[in-house]
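Inspection log for the structure reproduced underneath, given as structure tokens.
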Amino acid sequence: MALFSFSGFCLMVTITLPDGSQRKFDAPVTVAELAASIGAGLAKAALAGRVDGQLVDTSHRIAADATVAIVTERDPDGLEIIRHSSAHLLAYAVKELFPDAQVTIGPVIENGFYYDFSYHRPFTPEDLAAMEVRMAEIAKRDEPVTRELWERDDAVRFFESIGEKYKAELIAAIPADQPISLYREGGFVDLCRGPHVPSTGRLKVFKLMKLAGAYWRGDSANEMLQRVYGTAWTRKDDQDAYLHMLEEAERRDHRRLGRELDLFHLQDNAPGMVFWHPRGWVLWQQVENYMRRVYQDNGYQEVRCPQILDRALWEKSGHWENYKEHMFTTSSENRDYAVKPMNCPGHVQIYNSALRSYRDLPLRYGEFGACHRNEPSGALHGIMRIRAFVQDDGHIFCTEDQILDECVAYTALLRKVYADFGFENILYKVATRPDKRVGSEELWTKAEDALMESLRRSGCEFAVSPGEGAFYGPKIEYTLKDALGRQWQCGTMQVDFTMPERLGAEYVAEDNTRRHPVMLHRAIVGSMERFLGILIENFAGALPIWLAPVQAVVLTISEGQDEYARKVAQTLKKQGFRVQADLRNEKINYKIREHSLQKLPYLLVVGDKERESGQVAVRARGGANLGAMSLEAFIERIGEDVAQRRHNPLA
């Protein structure tokens, strides 16, 4: 509210703080001045402000009544501002070190930032180190960071005049009637909406991580730029913890472990497709057989559908219109086909093969269905993101009244499966209708409401991800956390009113009318390949005993124990355990070390003493010596390990 003084007109500004208290000023006030009026400590800590919900610089002038919060490094927004400002600090350092380099864009990303540069030669690791040193020098100068508003055409001419063609191109694409926000720190000027820290001295904890290539505007037809990745934090302890986590993630990298443990490999002849080695395929089979038992124990009928289906079916399902860019296509005898990217249209065909009654529902189909998706080559990552994969895919055909019970039962089942694989911490999100979708708004509302209510009935707290559902229906995304706290979205449950109708699925209702069933799309582990990659990394290759491709190896000390070692191995194999015998003429310490590096759960050493007593000397993963025991005692021990799905032999 504006008040008037007897000495003339004076605008009074009332600021409401987060705790509800108010401060009044007889003139416009900056965020920095507001912070100073509250206390010197807050003034020193202020990084930015939030004025009526909008993030602004500390130099922002508040000229009307507003609700204001001071943003410090303790706020999540404060950390993002530090990272964004660090990206600009990097660009400033690069321009000082390499004046001919051109700056392009530098956004905040998870845990850090990057900046793309155009330069006449590749940057080197030595250049990266020099950039980080110069960033620290600029930060130490504590130069003010100030915001300026320019006319668009003036800004274009300015950046063209200093040889920054990429910045000029970005600015030229902005409508002429919009002011251009530039930030100046020392001799460096950059385009940015902001906000930024008040001065470079506020940036104290950062590290440059790596170099990479990136096309201008993400288009392979454009110039390849040089991307510099960095991380920035408010506290050194946080950065140290993050860097330690990265080191641990590198140690656990499934691609490296896949080679070292002889599980799988990838090669350029089949980009995004996996060559499974014998040990890796044993691991695959353990997971698949477990999931097959889950199917059988929970009312699913396993089915199998063709890999290639006619274009007409994909047009009816909506995939040809909404998903074609991700599909591999082919043709034969003047007919167009697509290699299936998902299994759902095929399952509808099996449903449609007979007349269904309401008494048949819910009808649950499951398939370990091989799918192919045309992922960009730059997005491929080991076996985590590939082009050819197998899903533990399932579809439930049910009535509208059965949706809630099916979804609640599914969530309980998923929790049990994840727990059996060692994952107890699950996050839940409901992804709602995207802009590009099929079906009526009424059906979308029904589907979204059903999913949310099912999670409430399951006692699950959940977040909502607006606009992130599939084109045919909303979904619950089940995300697990691994040993490093990383999040992996694996399971899904989708409610689909549309596809059964589009593909002509019907059932005879109790009143003898024909109705369309509701189709629930669900997967627990999702992509088998990706889930195996998650397992390998979660356990750093030391897989739970029930999953380990080789559960024990029998090692001889000399040739005199070969026959006994073969007998021990054969006895264990007959009991259903995965066992090998190492009869090589090598020193026992060499054998022990070699098999320990393979992270096997148990090493069984047999010498003359063990042969004569009918025992085995047992070493558990991690180097623990469990001593000699009878073969019967070891069978009981490992049998219980498998039955209890233990990870560590000593558990």
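When residues in region 135-151 are screened for being open to solvent by less than 60 Å² (accessible area, probe 1.4 Å) and over 30 Å from Asp177 (Cβ atoms), 5 of them pass.
Of the listed requirements (1) modelled with pLDDT of 95 or more; (2) within 30 Å of Leu263 (Cα to Cα), Leu380 misses just one: (1). Of everything in region 543-590, what is within 17 Å of Val618 (Cβ to Cβ), under 37 Å from the mean Cα position of the chain (by Cα) and of a type outside the set (D, E, K, R)? Give them in sequence order. Ile545, Ala548, Val550, Gln551, Ala552, Val553, Phe577, Val579, Gln580 - these are the residues of region 543-590 that are within 17 Å of Val618 (Cβ to Cβ), under 37 Å from the mean Cα position of the chain (by Cα) and of a type outside the set (D, E, K, R). With a requirement of 3 or more residues that are farther than 30 Å from Glu33 by Cβ and within 35 Å of the chain's Cα centre (by Cα), the strands (runs of 3 or more DSSP E) lying completely within region 150-218 that satisfy it span 205-215.
Residue count for region 584-618 satisfying the condition of being among the charged types (D, E, K, R) and either open to solvent by less than 70 Å² (accessible area, probe 1.4 Å) or touching a residue at least 24 places away in the same chain (Cβ under 8 Å) (or both): 6.
Anything in region 320-334 that is part of a helix (DSSP H, G or I) and open to solvent by less than 40 Å² (accessible area, probe 1.4 Å)? List them, or say none. Those that are part of a helix (DSSP H, G or I) and open to solvent by less than 40 Å² (accessible area, probe 1.4 Å): Trp320, Asn322. Any chance region 476-499 includes a residue that's within 30 Å of Ala312 (Cα to Cα), of a type outside the set (A, V, I, L, M, F, W, C) and more than 27 Å from the chain's Cα centre (by Cα)? Checked against the condition, which is being within 30 Å of Ala312 (Cα to Cα), of a type outside the set (A, V, I, L, M, F, W, C) and more than 27 Å from the chain's Cα centre (by Cα), region 476-499 yields at least one hit. Kindly provide the set of residues from region 636-651 that are farther than 19 Å from Pro549 by Cβ and either open to solvent by less than 40 Å² (accessible area, probe 1.4 Å) or part of a helix (DSSP H, G or I) (or both), ordered by number. Selection gives Glu636, Arg637, Glu640. Of the residues making up region 118-134, none is at pLDDT 95 or above and closer than 27 Å to Val56 by Cβ. Hey, Asp237 hits all of (1) of a type in the set (D, E, K, R); (2) in contact with a helix residue (DSSP H, G or I) (Cβ under 9 Å, 6 or more places away or on another chain); (3) open to solvent by 70 Å² or more (accessible area, probe 1.4 Å) but one; which does it fall short on? Asp237 satisfies all of (1) of a type in the set (D, E, K, R); (2) in contact with a helix residue (DSSP H, G or I) (Cβ under 9 Å, 6 or more places away or on another chain); (3) open to solvent by 70 Å² or more (accessible area, probe 1.4 Å) except (2). Summed over region 267-309, the residues that are open to solvent by 40 Å² or more (accessible area, probe 1.4 Å) and under 24 Å from Ala338 (Cβ atoms) give a count of 8. Residues in region 541-564 that are surrounded by fewer than 22 Cβ atoms within 10 Å (Cβ to Cβ) and either of a type in the set (Ser, Thr, Tyr) or in a strand (DSSP E or B) (or both): Ser558, Tyr564. If you filter region 387-416 down to residues that are in contact with a helix residue (DSSP H, G or I) (Cβ under 6 Å, 6 or more places away or on another chain) and of a type in the set (Val, Ile, Thr), you find that the one that is farthest from Val464 (Cα to Cα) is Val390. Ser527 - would you say it is closer than 27 Å to Ser630 by Cβ, open to solvent by 10 Å² or more (accessible area, probe 1.4 Å) and not basic (Lys, Arg)? It is false that Ser527 is closer than 27 Å to Ser630 by Cβ, open to solvent by 10 Å² or more (accessible area, probe 1.4 Å) and not basic (Lys, Arg). Assess whether Arg621 counts as being open to solvent by 30 Å² or more (accessible area, probe 1.4 Å), out of contact with any helix residue (DSSP H, G or I) (no Cβ under 7 Å at 6 or more places or on another chain) and touching a residue at least 40 places away in the same chain (Cβ under 8 Å). So Arg621 fits the description; yes. Test of understanding: among Arg415, Arg387, which residue is of a type in the set (D, E, K, R) and in contact (Cβ under 8 Å) with a residue 12 or more places away in the chain? Sole residue among the options that is of a type in the set (D, E, K, R) and in contact (Cβ under 8 Å) with a residue 12 or more places away in the chain: Arg387.
The values are calculated or read from the model by the stated rules, or taken from the named source; none is laboratory data. This one's a predicted model, so the numbers in the text were calculated from it and none came from an experiment. Neighbour counts are summed over all protein chains in view; Cβ atoms, including those assigned to glycine, are modelled from backbone coordinates with ideal geometry. With ligands, DNA and RNA removed, areas are computed over all heavy atoms of the protein, side chains included. Shrake-Rupley method; radii C 1.70, N 1.55, O 1.52, S 1.80 Å.
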